[in-house]
Amino acid sequence: MKKSFTQILMDWHRYQNDREMPWKGEKKPYRIWLSEIILQQTRVEQGMGYYHRFIEQYPTIQDLAKAPDQEVFKLWEGLGYYNRCRNLLHTAREIVHQRKGIFPDTYEDLLALKGVGPYTAAAIASFAYNLPYAVVDGNVFRVLARYMGVDTPTDSTEGKKIFHDLAYQMLDKKEPALYNQAIMDFGATVCKPMSPLCAACPLQNGCAALSTGKVNQLPVKEKTLQRRTRYFNYFILEYRQKIWVQQRTAKDIWQQLFEFYLVETEKQVRWDHSLIQNWLRDQLNIHEPVIGKIAEPLLQQLTHQQIKGQFIHLQLKQKPASLKGGDWKTVAQIQELAFPKLITSYLSQLKS
DNA sequence: ATCCGGCTGT
DNA sequence: ACAGCCGGAT
């Protein structure tokens, strides 16, 4: 009897999969949920350290729920997609306060949690409770698209349905947790996006893409994202050992993170002393600033935008009355706040 | 220097 | 349908 896709995958997982992750085999829903939220849009290697720090600092969901926002954001700093952090806190508090700390244990209830979509609900349902839900993530799209030779775009409405149906069809209904882990690990280590290991692949015999030479063309995506460029000019305003910072609250990138005084411009500005002086005088009524370092612009690539960030250090002789919405903080206070990567990487390169 | 991969909320 | 980050690979 020929072995099925599912059986081959399960055998590979059992005998050849040596990918280790700290949450593998984990059964506590809190830990599984936490690891899945951290791993959304994030590589395992990058998320690992964050996972350990979160578990150490917040061993239970009660610990997380009672933590101050700012502390959690600081721990999340650098991971990106800061909405995930907001949703993480929201959901922790909801579970503790509305559900007596008891984690939901059905797919529908999991899906209703903020920050939990179909993928994460299926992951928690299967890993924590061994319920028969198939995860559909980028790995699953890739493995199924190649093995089955499906060229329907994965980001189309039709494609989503096709791949969900296929994923459920292939799921090992008796061992959903093991199967889901198997297919994702397989996609990550064998059926990789670039240079997949087809020669050593246990599924090579039945692979449609391999036999038609289309491995490198699958999976298909229909949308190519558009990027716009924005210019963020940060004035690092210093007055008596304190620096002015504000929290980002607008409906924009980096919500709830902190930043220095921001001047956003349409185009690259070539800042020189007279331009800076005029700008400060006209916009903030600041006179006779001591202009320090004018750093080279830094690039930050976001999902749909490219940020060109420039930092300019200024020491002020008087406290400007016209600054609104922010605060003067000491360096020690600033270290407690979470900043976007653009800013933390600028600050860290300052020291070195 | 540029490209690529990775889910959820509105 | 579209917007949100970062690191590693190329």
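Of the numbered criteria (1) within 16 Å of DNA strand B (Cβ to nearest atom); (2) open to solvent by 60 Å² or more (accessible area, probe 1.4 Å), the one residue A:290 fails is (1). Taking strands (runs of 3 or more DSSP E) as the structural unit, those lying wholly within segment A:157-270 and holding at least 1 residues that are within 16 Å of DNA strand B (Cβ to nearest atom) correspond to A:228-239. Under the condition of being open to solvent by less than 40 Å² (accessible area, probe 1.4 Å) and more than 26 Å from the chain's Cα centre (by Cα), the residues counted in segment A:207-238 number 7. Among the residues of segment A:293-311 satisfying the criterion of being crowded, with 16+ Cβ neighbours inside 10 Å and polar (S, T, N, Q), which is nearest to DNA strand C (Cβ to nearest atom)? The extreme case among them is A:300. For segment A:105-128, the candidate set comprises residues that are touching a residue at least 60 places away in the same chain (Cβ under 8 Å) and over 19 Å from the mean Cα position of the chain (by Cα); within that set, the residue that is most open to solvent (accessible area, probe 1.4 Å) is A:105. Residues in segment A:293-326 that are without any contact (Cβ under 8 Å) to a residue 24 or more places away in the chain, under 26 Å from residue A:78 (Cα atoms) and of a type in the set (D, E, K, R): A:293, A:296. Can you find a residue in segment A:48-62 that is in contact (Cβ under 8 Å) with a residue 12 or more places away in the chain, open to solvent by less than 60 Å² (accessible area, probe 1.4 Å), farther than 19 Å from residue A:128 by Cβ and within 16 Å of DNA strand B (Cβ to nearest atom)? Scanning segment A:48-62, I find at least one residue that is in contact (Cβ under 8 Å) with a residue 12 or more places away in the chain, open to solvent by less than 60 Å² (accessible area, probe 1.4 Å), farther than 19 Å from residue A:128 by Cβ and within 16 Å of DNA strand B (Cβ to nearest atom), so the answer is yes.
Quick check on this structure: which one of A:153, A:132 is modelled with pLDDT of 95 or more and either open to solvent by 20 Å² or more (accessible area, probe 1.4 Å) or farther than 17 Å from residue A:187 by Cβ (or both)?
Sole residue among the options that is modelled with pLDDT of 95 or more and either open to solvent by 20 Å² or more (accessible area, probe 1.4 Å) or farther than 17 Å from residue A:187 by Cβ (or both): A:132.
Any idea which of A:38, A:32 is in contact with a helix residue (DSSP H, G or I) (Cβ under 6 Å, 6 or more places away or on another chain), in a helix (DSSP H, G or I) and within 16 Å of DNA strand C (Cβ to nearest atom)? Break it down stepwise before answering.
Values: A:32 fails: within 16 Å of DNA strand C (Cβ to nearest atom).
Of A:38, A:32, the one residue that is in contact with a helix residue (DSSP H, G or I) (Cβ under 6 Å, 6 or more places away or on another chain), in a helix (DSSP H, G or I) and within 16 Å of DNA strand C (Cβ to nearest atom) is A:38.
The values are calculated or read from the model by the stated rules, or taken from the named source; none is laboratory data. All values reported here derive from a predicted model rather than from experimental measurement. Using ideal geometry, Cβ is built from the backbone for each residue, glycine included, and neighbour counts are taken over all protein chains shown. Remember, those area values only see protein heavy atoms, side chains included, never the ligands or the DNA or RNA. Shrake-Rupley method; radii C 1.70, N 1.55, O 1.52, S 1.80 Å.
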